Structures are given as C-alpha cells and as structure tokens.
Amino acid sequence: MGRPADRARSQVCPPSLAPRVRAVAGKHPFTGPVDASASAQVPEDLLDRCMDGVERRGQLIEHLLRKESPELFITVFSETHRASHLLWHTAPRAGNRPGPPPPPDSPGLVDVFREVDRQMGRVLMLAGDEAAVLVFSLHGMQDTRGVPLLLDPLFRAVKLATPVPEPGFSRLKRRTPTALKRFYHRLVPTRVRWDLATSGLTPRYDWSRTKAFPLPTDQHGWIRVNLKGRETEGIVERSEYDRLCGEIERLLCDVRMEDGTPVVRGIVRTAPDYPAGIPGRLPDLVVHWAPAASAGSVRLPTPAIHCELGAPKLTGQHAPDGF
C-alpha cells in the first residue's frame, strides 16, 4: 500500500493510455486529497462522490469494451468499498445506527449498489449473450463502531510493552478540536501531513523492555514479537519465541468485558510450523476480535482498562462472507 499522496492520483498502465482514460471518464471524484484521518467526520458529499465514481467507471468500461473487444475483462467498482465503510449505518438492516431507522427512501449505501447494478446492466448488454460473466465479492461487510485499540493498553498493563513519552505533535493532535483539524487538513498538503503523522502512527516503546508490540491496523489485531536478530533492537531470544506466543495467546483468550463477554474470537499464528520458520515481515499473531471489541468502549475488570475505539466514523467493517 503506497503513501496517501501516491494513492490520491489515478494510475494508468501503460501510461500512454492516461489521456484516453481522462478523455472518456474525466477525473475520478476520489482523485486528489481525501481526508482519511481517524477523527474526521464523514464528508457530506461522500454519497455523491461514490455515485459519480461508479458512473464514470461504467463509462470507461463501456468505452473499452466497444473499442478493444477483449477476451478477458476484469473490473472492480471500488466505490462500494469506501461507501460500505463510511455509510454502512444507512443500510436498512444496519444494527449500529444512532436513533431510529431512516425512512425507506432516504439516500444512502443502497443507492451506490443500485448504481453499480445499473452500470453492470450496460456491461452485460455490451458483452452479449455468449460472454461468460462472473460477479463476485471478495468479502462482505458488517456492523462496527470503530477500530479496537485494546492491544496497546493491555500490553502496557501486563508489562509486555513499556512506553516512552509520545511526540509532542501526537499529544497536540489528540487534544485539537475537530473543527481545527478539518482546517488543518484543508490547508496542509497531503504529503506534509503524512510525514508529520507517521511520527505518531505507532505507539513509542522502550525497546530494551518491550517483548511484544501491536502494529497499526484497521481491523484485526496484529502483534509482533520484539525478536532478537529480526527487530532492530530485539530482546526476545529465538528459543523463547514459541513460549512467548503461547503466553500472549492465553492472555488474549482470557480477556473478558466487565459482564463476562469475551473480547477475542480467535488467534492465528503466522508461523504454525515453528521452529522451521519465523515470519520476517508479517505479524507473528493475528487477533480476530469478537463482536464486543468493536461494539463500543471496552472496559476490562482485570487488568482494569477503559479503552475507546479508534476511527469512530467507520460504521461498516469487513466480514468473511461475500455473496
């Protein structure tokens, strides 16, 4: 995944096709700076931008099918992904919307999928009766109220990780009013914001006293062992790797909310054949959260932890089943 400044522009391969793409479909509504900060509100024009993007994509598909007559054509309506994350609460059966259900004719997520259906209808007509057409989704979506941020305070509480003071910029950002943050995002270029934000993206630890630490993620929990010889300042011996992973698994499986509800649904090791291999770039443990972990504030009795969710603007999150 590239930096935001790189992902905020259309990329065409081969580059010689770029003028043709721009002539047919114009500028995609998500091209250019898009506010993706965890504290930002959902853009008011998000639905319109998604609908516009789907229509432009359909125009480009139609043009390419007419002009190129390809043997194989693959396309992705990626607007549904962003809309499902940020507009899931507008779906008729969403269980996490604030207040009563909206009227049946209220604009929302369903309109994006209706526009996709309309564009796919045009594609099917162009493809003809003899074409084999496969429509699929790599995953589904489900209710959420944000991103679980439990691993960092939990690891600190049980002394798996030892923090050091965070940068002043991170402290300032957390205390800045939302209106001022919006002004900052409009005023400061994306690349500059990215360079400033990376200093506080990952919690800061005293690596000489940290055995394991969480990696930033937008869904599952990712855990990395501070392994000697792999991490720059690793302290955990390879002979202790398996034992420490087991200790972390038992810790997480025992975590319960104040009412006894489990927080973790399951844990996957990325090196199940240890000691034959230890991952170099992957997290060592992947935590699959139970529904309670993203349903609201997390309160644990032992150890005593109160943790809010991150990215509260996300009302839809990935689910294993597509359609």
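Numbers below:
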quantity: Heavy-atom accessible area order for V133, V123, V54, largest first, 1.4 Å probe; calculated: V133, V123, V54
quantity: Residues with amide H under 5 Å from that of L149, placed H, sequence gap 5 or more; calculated: G310
quantity: Integer Hz, Karplus 6.51/-1.76/1.60 couplings in order for segment 149-160, x for Gly and Pro; calculated: 10, 6, 4, 4, x, 5, 5, 5, 5, 9, 6, 6
quantity: Integer Hz, Karplus 6.51/-1.76/1.60 couplings in order for segment 110-122, x for Gly and Pro; calculated: 4, 5, 5, 6, 5, 5, 4, 4, 5, 5, 5, x, 4
quantity: Amide H partners (placed H, <5 Å) of V264, local residues excluded; calculated: A290
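The values are calculated or read from the model by the stated rules, or taken from the named source; none is laboratory data. Note that the coordinates shown come from a computational prediction; the quantities given were computed from them, not determined experimentally. For the accessible areas, the whole protein counts, side chains as well, though only heavy atoms, and no ligand, DNA or RNA atoms are used. Shrake-Rupley method; radii C 1.70, N 1.55, O 1.52, S 1.80 Å.
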